[in-house]
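A short write-up of the structure that comes next.
Every number in this text was worked out from the coordinates using simple rules, so none of it is lab data. What you are looking at is a predicted structure, and each value in this text was computed from that prediction instead of being measured. Note that each Cβ is placed from the backbone with ideal geometry, even for glycine, and that neighbours are counted across all protein chains shown.
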Amino acid sequence: MNRPLILLAVPLLTVCAQAQADFYSHRYGGVAFSDAELAGFCRGATGFVQGLNSPQQTSTTNACSENGDGWKIYGGWRWTPHLAVEASYQQLANAELDFRVDADNGEYLRFEDEIETQLINVFAVAHWPLVEGINLFGKLGGGLWNSKISERQSGELLFVYLVGEDALEERLTEVSGRVEDRANGFHWGYGVGISYRHQNAWTLRAEWESFSDVGSDDFRSGFDVEAASLGWSMHF
């Protein structure tokens, strides 16, 4: 009864043994390009704009974007067939929000926001070698996020002008300006993927990553990140 199970186990053990025999300890560094979604940003940003409504003014969202391209540089040390440590610097897709506030007296302001976010990550990585340099892997870790908001403001506001010796007049006047601010914090992250190692020289990999609790409500909204990327690294 046990013989069929043994016959099935032998090829699997042989595959694992071949994968480990083909392994060598190495450090690596590479670059990856990603398609990222800042999940929840537009939902939270729309709630922020709606919160500006009052009996004296109306706030409307004109446009919002939470998807786009990003990139990262990464490096690590894989010292066994199954374990590695890795660090990365990651530039996310920019989030954008365009909204307007109109007052009953004719004043209005338009706000054009752009939020740029970077991540610094540290991961523990678990590998499962298959055959011919092909690996499945998963990683778990965290790091720091840093965001910068750049806001352009334009519109018309009422100003009081002296039009005579004792006469004052209110006029709608065009205004414009630009402000910037920064914030940072801690986030958690994990990911899964598949990689192909070529002749102990370089590795090509595809992966999916998720990061939680990124961003700030002070910058219109916090969000979670989901990113799919393709990367290439050199061994040294």
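Summary table below
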item	result
Bins of 5 Å, starting at 0 and running to the largest distance - Cα pair percent for the stretch 20-96	3, 13, 15, 12, 11, 10, 9, 7, 6, 5, 4, 3, 2, 1, 0
Nearest 10 degrees, 0 to 90: helix 41-50 Cα axis against the chain principal axis	20 degrees
Cα long-axis angle, helix 3-21 against the chain (0 to 90 degrees, to the nearest 10)	70 degrees
Set of the stretch 87-105 residues, backbone N closer than 18 Å to the point 7 Å along the Cα-Cβ line of TRP71	88-95
Length released on extending from ASN62 to GLU180, taking residue separation times 0.36 nm less the Cα-Cα span	40.4 nm
Expected 222 nm ellipticity per residue - DSSP helices of 4 or more, -39500 (n - 2.57), all of the chain, to 500	-4000 deg cm²/dmol
Dipole in debye (nearest 20) - the chain, about Cα centre, beta carbon charges: Lys, Arg +1; Asp, Glu -1	2060 debye
Packing rank of 165-175, 147-157, 196-206, where each peptide gets the mean count of other beta carbons within 10 Å, highest leading	147-157, 196-206, 165-175
Model label zone, ASP217; criterion: amide N under 17 Å from point 7 Å along Cα-to-beta-carbon; scope the stretch 166-190	183-186
Shape parameters for the stretch 149-198, alpha-carbon atoms, Rg then Dmax in Å	26.0, 85
Principal axes of the stretch 24-235: Cα extent on each, largest first, Å	88, 28, 22
Packing-based ranking, highest mean first, of 186-193, 225-232 given that Cβ atoms within 10 Å are counted	225-232, 186-193
Between the stretch 83-141 and the stretch 161-236, the alpha-carbon center distance in angstrom	6 Å
Per-peptide average of other Cβ atoms within 10 Å, ordering 91-103, 24-36 highest first	91-103, 24-36
